[in-house]
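Enquirer: One structure, pasted below without further comment.
Rule-based calculations on the coordinates, nothing more; no lab input. Treat the numbers as computed from the prediction; the structure is a model and nothing was measured. Counting neighbours? That spans all protein chains shown, and the Cβs are built from the backbone with ideal geometry, glycine included.
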Amino acid sequence: MKPSPRWAAAAAVCAAALLAPLLLSETQLPVYIVLVLAACVVTGLSMLMGYAGQVSLGQAAFFMIGGYTAALIALEELPTWLGLAASPLVAAVLAAVIGVPLLRLRGHQLAFATLAVQLILLNLVGQQEWTGGDIGLQGVPRLAIGGYEFADDVAYAYLALAVLGLTVLITRNIVKSRPGRGLRALATSEVAAESSGVPVAGYKLAVFSLSAGFAGLAGGVYAFYFGYVAPSSFPVLLSFEYVVMVVVGGAGTIYGALVGATAVTLLLQLLNNIGTMEGMPAAAPTVLSYAVYGVLLVLVVLFMPRGLVPTAAAWWERRRSARPRGDDPASDGAERPAPAPASV
Amino acid sequence: MLQIDSVSRAFGGVYAVRDVSLTVAEGETRAVIGPNGAGKSTLFNLISGHLLPDSGTVSYGPEGERRRIDRLTPHARARLGIAIVFQGARLFGGMTVLENVMVGAHARTRHGFLSAALRLPRHREEEARIEADALAALDRVGLRDWAHRTADALPLGQQRSLQVARALCARPRLLLLDEPASGLRAAEREALAQLIESLREEGLTTMLIEHDVAFVSRLADRVSVLDLGRHIAEGTVEEIRRDEAVLSAYLGEGVS
Ligand SMILES: Nc1ncnc2c1ncn2[C@@H]1O[C@H](COP(=O)(O)OP(=O)(O)O)[C@@H](O)[C@H]1O
Ligand SMILES: [Mg+2]
């Protein structure tokens, strides 16, 4: 079997991701771990936005729920793996419960409602004694699974990668099969999907819950890695950042989620590095991380409204189909259907 | 198979369907005709569940297991075996022709998120069966060669056929066709007529909205006539041709 460019790309991404923890410096590794965890959240959010056509502006709330769940269970001196296992479940169940009224809303109403949910949860968590109030929960023990303790950054990097791998695998399996077809169908026509037997409301709730579960699982890893959770670790801005990552990468594609999370994280890191270089004015970090970041985002949305990955894929398709008959003037438009019958 | 009792539905105080009662027998092909705006599509939507009646009841099922369905969601009715082909093209853009048809099988398959996520063997078997059924449905409407193209690339006539294939992939017991022949060229109409004939031979209960009298006389066992939301006549094609109320409703429409 000849390796297709698709497989080659997947293999390259995997190899780079697996090698990175060994090659990155001590200061870079935490950034990498946060990036990988963000990619988990964004993969779920991308399904929600791309397939169910719903925007959640409160996805960091589920990340937070996962983190607190793991921390609370671990601090009760229960097995730490139990904390990690419970973190996606609690987040998913919470989403399923609040999703019933929330998903009746549409478009920006739902976006605002999820934002409100996060604000409420942040408020609650910041005021309860058992969640540690504003200070949060400190001294979360390190994660141990079957006698192995995840002790250093490299171990957590691989743990995060394993969680991301699981997330991507589950997402891919779902998207490619019966429920995924139902989701893609309802994204274009809810009426036709319903009449084909797709329970539209139930499917939307399932994706919402699943995306929350992914976020919760990432939050669980986060709690064990940093050893503490506090309301200030899960600001509303983090939720916005996840949405930005989805949009930049391209909603509804797994690669889009990975690329979006990577691109935005690297960009923020780069701008931060430039801003804190010697000889830069004091205002530089702020200007760079807000203004330049904002301008770059606007440019992406203007020139690649579908996101980086779908735009790149369309460009690649065009190049590929143009090559064998490069002088064919009709081959420059993606809209024009090629003559039947199709390949295979 | 289908029993509609005194069903009414109004939009903003104006009746689109008014006190309609009719019964469709199992295996029957029923044509529904009437001028534009008569309420034909509204009636279909009341059967498929996209609209709920203001009053009246809709019951469905083979003899002996008939039950009321007028409060069920459309996807629940689809699971009971009701499939609809809408008047306008309602395709799933961005998906291939084959995938569009495979969605049709949703009504009679059940593997959900969990078994898909885990790729259970049962689920993979079901996937393979769905794909085979979808290809067979594409064969029936003559779209097999287009299976792996995206649905948006189809010409209008084929988009209609694709919707028919999607409905057939559900293996319906009641098929609702809302003007399936409109916008088709002669050869395509003929193919559609032959398909409906063969479905009729297989005993499928079908309701068909259609304007073309020749098409209706060829395919329909009985005809229901709607006018201004009312069910003004029902009978065989011959009976309808002679019906006074029908003639006056159609006066000036150029149909004899
Ligand atoms: N969703 C709707 N909202 C408002 N009015 C509608 C709606 N659907 C249908 N109608 C009205 O109901 C009447 C019947 O429409 P319809 O059932 O589409 O007729 P037909 O299919 O026989 O041409 C028309 O007057 C139409 O304007
Ligand atoms: Mg109509």
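Enquirer: Please identify the longest segment of chain A free of exposed GluC sites (Glu not before Pro), where exposed means a DSSP state other than H, G, I, E or B and no more than 14 other Cβ atoms within 10 Å.
Expert: Free of exposed loop sites, the longest segment is A:130-277.
Enquirer: Additional query: Taking the Cα-to-Cβ direction at residue A:14 and at residue A:301 and moving 7 Å from each Cα, how far apart do the two end points lie in nm?
Expert: For residue A:14 paired with residue A:301, the spin-label model returns 3.6 nm.
Enquirer: Compute the long axis of helix A:254-275 from its Cα atoms, compare it with the longest principal axis of the Cα atoms of chain A, and write down the angle in degrees, 0 to 90, nearest 10.
Expert: Taking the Cα atoms of chain A, the angle to A:254-275 is about 60 degrees.
Enquirer: Exactly which GluC sites (Glu not before Pro) in region B:152-256 are in a DSSP loop and have at most 14 other Cβ atoms within 10 Å?
Expert: Answer in residue order: B:202, B:253.
Enquirer: How would region A:194-269 be classified by its alpha-carbon gyration tensor: rounded, prolate or oblate, with rounded meaning a/c under 1.5 and the a/b versus b/c comparison settling the rest?
Expert: On the way: a/c = 2.59, a/b = 1.48, b/c = 1.75.
The shape class here is oblate.
Enquirer: Report, in deg cm²/dmol and to the nearest 500, the calculated mean residue ellipticity at 222 nm for chain B, where each DSSP H run with n ≥ 4 adds -39500 (n - 2.57) and the sum is divided by the residue count.
Expert: Here the helix-only value at 222 nm equals -11500 deg cm²/dmol.
Enquirer: Quick check on region B:83-171: take the gyration tensor over C-alpha atoms, sort the square-rooted eigenvalues as a ≥ b ≥ c, and tell me if it's rounded (a/c under 1.5), prolate or oblate.
Expert: It is prolate, given that a/c is not under 1.5 and a/b is the larger ratio.
Enquirer: Based on alpha-carbon centroids, what's the gap between region A:268-309 and region A:213-227 in Å, whole number please?
Expert: Here the two parts' Cα centres lie 27 Å apart.
Enquirer: At 7 Å along Cα-to-Cβ for each site, give me the label-to-label distance between residue A:322 and residue A:116 in nm.
Expert: 4.9 nm
Enquirer: Once you sort the root eigenvalues of the Cα gyration tensor of region A:1-133 as a ≥ b ≥ c, which label holds: rounded (a/c under 1.5), prolate (a/b larger than b/c) or oblate (the other case)?
Expert: oblate
Enquirer: Could you tell me the center-to-center distance, by alpha carbons, between region A:34-64 and region A:117-194 in angstrom?
Expert: Cα centroid to Cα centroid, the span is 9 Å.
Enquirer: To continue, here is another question. Return the FRET efficiency for the residue pair residue B:152, residue B:236: r is the Cβ-Cβ distance, R0 is 51 Å, and the value is rounded to the nearest 0.05.
Expert: Efficiency computed from Cβ-Cβ geometry: 0.80.
Enquirer: Further question: Add +1 for every Lys or Arg and -1 for every Asp or Glu among the other residues with Cβ under 14 Å from the Cβ of residue A:26, and state the total.
Expert: Result for the neighbourhood of residue A:26: -2.
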